[in-house]
Amino acid sequence: MTPDPAAVARWLRTRPARAAGIRVLAVEGRSGAGKSTLAAAVAAEITAPVVRMDDLYDGWDGLQAGVDALLAWVLRPLGRGDRARWRRYDWTRGRYAEWHEIAGADAVVVEGVGCGAREAEPYLSGLVWLEAGEEVRRARALARDGELYAPHWRRWAEQEERYYARHDVRSRAGLVIVTG
């Protein structure tokens, strides 16, 4: 099923702006579920910036570091009415690179594994869970990232398992969308 970004945008507009007047939408799901595609389409519908968890992870073992960065650099500042400012992780160099900033937005879309963490909940207006079977997700992820991702698939999936066992994101989502 193809998600309807206009429907997700309409749903988000009915949700409270919990981060100092800013609506924050989290688009969650396992690798290859379609998070980036939906997040970009919803952001276009509502004219909002997108923060990608891929830019916050500290490498292949950095899922929790990405959650910590999301909270420290993006969600807590937005919740205080400050600008969100984060560093993009450079996967080629294996370190954080340039800073990015959000200012003046009335909505922000955050996408990726970790953006629906329990600690993020006070700042989120909406949480969307995307679901697809493992074979579909793996095919999508490898088509997207090719051989760069292939040797890390299992390693990343194990982090996802631990994270989802702790945070139970799917059951807390306001929308669940099956994408394949």
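The values are calculated or read from the model by the stated rules, or taken from the named source; none is laboratory data. Just so you know, these numbers come straight off a predicted model, no measurement behind them. Note that each Cβ is placed from the backbone with ideal geometry, even for glycine, and that neighbours are counted across all protein chains shown. Keep in mind that these areas ignore ligands, DNA and RNA; they rest on the heavy atoms of the full protein, side chains included. Shrake-Rupley method; radii C 1.70, N 1.55, O 1.52, S 1.80 Å.
I need the full set of residues from the stretch 1-30 which are outside any helix (DSSP H, G or I) and of a type in the set (D, E, K, R), in order please. Quick ask: steps written out before the conclusion?
In the first step, residues of the stretch 1-30 are kept if they are outside any helix (DSSP H, G or I); the result is 1-4, 14-30.
Passing the criteria: Asp4, Arg15, Arg18, Arg23, Glu28, Arg30.
Residue pairs whose Cβ atoms lie under 7 Å apart, sitting 6 or more positions apart in sequence or on different chains, and linking a residue in the stretch 6-33 that is farther than 15 Å from Val50 by Cα and free of Cβ contacts under 8 Å to residues at least 40 places away in the same chain to a partner that is outside any loop (DSSP other than H, G, I, E, B) and open to solvent by 40 Å² or more (accessible area, probe 1.4 Å), are Ala6/Glu45. If we scan the stretch 115-131, do we find a residue that is buried (at least 19 other Cβ atoms within 10 Å of the Cβ), at negative phi and either without any contact (Cβ under 8 Å) to a residue 60 or more places away in the chain or among the β-branched types (Val, Ile, Thr) (or both)? Yes: one or more hits. For the stretch 20-41, filtering for residues that are in contact with a strand residue (DSSP E or B) (Cβ under 8 Å, 6 or more places away or on another chain), more than 13 Å from Cys115 (Cβ to Cβ) and modelled with pLDDT of 95 or more leaves 3.
Residue check: is Val136 outside any helix (DSSP H, G or I), under 21 Å from Ala41 (Cα atoms) and among the aliphatic types (A, V, I, L, M)?
Details: outside any helix (DSSP H, G or I): no; under 21 Å from Ala41 (Cα atoms): yes; among the aliphatic types (A, V, I, L, M): yes.
Criteria not met by Val136.
Of the residues Ala107, Ala103, Ala150, Ala165, which is touching a Lys or Arg at 6+ places or on another chain (Cβ under 6 Å) and surrounded by fewer than 13 Cβ atoms within 10 Å (Cβ to Cβ)? Please lay out each step first, then the result.
Numbers: Ala107 fails: surrounded by fewer than 13 Cβ atoms within 10 Å (Cβ to Cβ); Ala150 fails: touching a Lys or Arg at 6+ places or on another chain (Cβ under 6 Å); Ala165 fails: touching a Lys or Arg at 6+ places or on another chain (Cβ under 6 Å).
It is Ala103.
Checking each residue in the stretch 50-68 for being within 12 Å of the chain's Cα centre (by Cα) and either at pLDDT below 95 or open to solvent by less than 60 Å² (accessible area, probe 1.4 Å) (or both) picks out Val50, Val51, Met53, Asp54, Asp55, Leu56, Tyr57, Leu63, Gly66, Val67. Among the numbered conditions (1) assigned to a helix (DSSP H, G or I); (2) touching a residue at least 40 places away in the same chain (Cβ under 8 Å), the only one that Arg154 does not meet is (2). Condition (residue is more than 13 Å from Leu175 (Cβ to Cβ), surrounded by 17 or more Cβ atoms within 10 Å (Cβ to Cβ) and among the hydrophobic types (A, V, I, L, M, F, W, C)) applied to the stretch 4-19: is it met by at least one residue? Yes - at least one qualifying residue is present in the stretch 4-19.
Can you confirm whether the stretch 87-99 contains a residue that is farther than 15 Å from Gln159 by Cβ and assigned to a helix (DSSP H, G or I)? No: the stretch 87-99 contains no residue that is farther than 15 Å from Gln159 by Cβ and assigned to a helix (DSSP H, G or I).
Here Ala143 clears all of (1) open to solvent by 50 Å² or more (accessible area, probe 1.4 Å); (2) touching a Lys or Arg at 6+ places or on another chain (Cβ under 8 Å); (3) of a type in the set (Gly, Ala, Ser) except the condition numbered (2).
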